[in-house]
1. How many percent of DSSP beta bridges within the chain run antiparallel, rounded to 5?
2. Can you tell me which of 408-414, 443-449 comes out highest on packing, and rank the rest after it, using the mean Cβ neighbours within 10 Å?
3. Can you classify the range 292-350 as rounded, prolate or oblate using the Cα gyration tensor, where a ≥ b ≥ c are the square roots of its eigenvalues, rounded means a/c under 1.5, and otherwise it's prolate if a/b beats b/c and oblate if not?
4. Can you tell me how the chain classifies by the Cα gyration tensor, rounded, prolate or oblate, using a/c under 1.5 as the rounded cut?
5. Multiply the residue gap between GLU304 and LYS544 by 0.36 nm, knock off their C-alpha separation, and tell me the result in nm, one decimal place.
6. By the gyration tensor of its Cα atoms, with a ≥ b ≥ c the square roots of the eigenvalues, what is the shape of the range 81-251: rounded for a/c under 1.5, prolate for a/b over b/c, or oblate?
7. Considering only DSSP beta bridges with both partners in the range 81-251, what is the antiparallel share in %, to the nearest 5?
8. What are the residues whose amide H is under 5 Å from the amide H of PHE535, where those residues sit 5 or more places off or on another chain and H is modelled from the backbone?
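None of the figures in this text is laboratory data; all of them are computed from the coordinates on show. No experiment lies behind these values; they were computed from the predicted model shown. Here the Cβ positions follow ideal geometry from the backbone for every residue, glycine too, while neighbour counts run over all protein chains shown.
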Amino acid sequence: MTERTIRKAAMPAGISHYLTDYDAGRSGFTWEGARRALTGDTDARLNIAFEAVDRNVERGHGARLAARFIDRSWKRVDVTYTELQTRCNRFAGVLRSLGIEHDTNAVGPGSGPARPGPCVATLLGRVPELFTVGLGTLKSGNVFCSLFSAFGPEPLKTRLELGHVRVLVTTETLYRRKVAGIREMLPELRHVLIVREDVHTQLPAGTLDFEQLMRLSSETYEAAPTRDADVALLHFTSGTTGRPKGVTLTHAAVVAQHATSQLVLDLHPGEVYWCTADPGWVTGIAYGLIGPLTCAATMIVDREEFDPQRWYQVLAQECVNIWYTAPTAIRMLMKAGASLARARRYPCLRHMASVGEPLNAEAVIWGVEAFGMPFHDTWWQTETGAIMIANFAACDVPPGSMGRAVPGIEAQVVRRAGGRLEVIASPDEVGEIALRPGWPSMFSSYLESPERYRESFVDGWYLAGDLARRDREGYFWFIGRSDDVIKSAGHLISPFEVESTLMTHPAVAQAAVIGVPDPIAGQAVKAFVELRSGFEASEELRRKILGHARRLLGAVVAPREIAFSDSLPRTRSGKIMRRLLRARELGLPEGDLSTLEGRET
Ligand code: 6R9
């Protein structure tokens, strides 16, 4: 705690928080109890889509708005829980008609989990079809993967290959721009379904009309008899080396996503909730789709990109109660000034939370200035499948802290000592964040990398790869990553993936990519490039290489800056030392790399 700790807010009339007393909330919590509270039974079957949609219809919430989609001209498309159910059933039927179905014969030996079913991916923005396809796929027992629509063809190809994706749902524009050119290299991709933007144009060759298939499909579909350990979701995340990591989550993840939507986001039935995350990343699915629906909330989905005026309008006009956003967006709002925020009133707004990158203390305090309440930081990862550490609505908020472990989660700061781990007992000492396995949304594998998966666990703990300290009261304070992965504007970027793409340019001999501090995005991608002999460094060449990277990777992942270097620093074995480049960039003494992480945040 610090002098600046923001004392817990008074409860709004008529609402009682899900977690009122932290210690009591923790000690009274079990995951079995959470599963029972969600499903109301102890049935061995568990299906995410059933819990998110059908269960609400069963409980009489069918006429309630599940989601409201808002477009550029503020046209709203409202979808009730019953309508969502019908759309999901139709899409599950479409998959059946295409021969993409959950194969119950694939159930592993004994009571072991089924082998993952075929993968259905989306390459879509925030559109109603994403809900239909995501939940329809889960209902049919197949595996759902939402791909980031700003990716260029190169990262898409890698992910479609790695995920053995059989069906892809996308728009005509995205297909022509990003998929058509790589389609031939993807023999496993059997069907591409197009969500049409214009009904008059001819569909690209080799694709099917999404809506037409939906119309021909039945309105009813019985949820596949999936069980807790069956794979449901595939998310891609970035590592320091090698290909992206395919993280699988099981149907049991819904238990943790539901429990944390209540305990952390404090989401009550019927409340209006806005998650600003892109569906191409884990937050956009766990808390932009599944968790809030299991709470019978109404989701606001703004189809447009960030714009301060527009965001304030969404908050005010749509009467948002709970808002889950990210530090980069908050910093951009701060830049636009608190007076812009205060130009409107937000009588419905009662809880604000943040995730994805370090949330600086100033941003938390700015929340009070602009909205009369702090942003509540939350920490988790694709691999954890749900929020693990958080500031709770009914608890004090020390600005700059990520909060405390969620009920049901044992989180510690540890240090490696040989092959063992040592829990750091003394407060405020820096170590790695470690979580005790056993929570339902913990990832079940890294696709096709059992070794990488095993290596994530040491001595009975899952190691998150983040450095932090824990204070006397149990609050965690983020220090930095323990690896070279870059987090820019909330997007996790693998330096390796960017380096590999840069090296496909004929002028590039070697590339090293690091994150450099950026006041808004947290980190920006910077590349150091060594040229092949025969090429001269020039402004024109720099622009060409940048263009090449943007075209293949997409603007979000591509470097913002390229510096030419005569020789990149290497270890004796020839590995490029990104850490040394970071030290130079930060003006740190090169010998003193131990303090690097702290400076990076
Ligand atoms: C949900 C999500 C995970 C990594 C994580 C950490 C960083 C997430 C944070 C945070 C500081 C927070 N991160 N939340 N850093 N404060 N509150 O973002 O998942 O894309 O897998 O990223 O993001 O480094 O390890 P993912």
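1. Working: 54 of 94 bridges.
Antiparallel bridges: around 55 percent, rounded to the nearest 5.
2. Sorting 408-414, 443-449 by mean packing, highest first, produces 408-414, 443-449.
3. Numbers: a/c = 1.99, a/b = 1.52, b/c = 1.31.
Because a/c hits 1.5 or more and a/b exceeds b/c, the range 292-350 counts as prolate.
4. On the way: a/c = 1.37, a/b = 1.09, b/c = 1.26.
Rounded, since a/c falls under 1.5.
5. Values: separation 240, 0.36 × 240 = 86.40 nm, distance 3.00 nm.
Computed gain between GLU304 and LYS544 is 83.4 nm.
6. On the way: a/c = 1.82, a/b = 1.10, b/c = 1.66.
Since a/c reaches 1.5 but b/c is at least a/b, the shape of the range 81-251 is classed as oblate.
7. Values: 7 of 25 bridges.
Once the DSSP bridges in the range 81-251 are tallied, antiparallel ones form about 30 percent.
8. none
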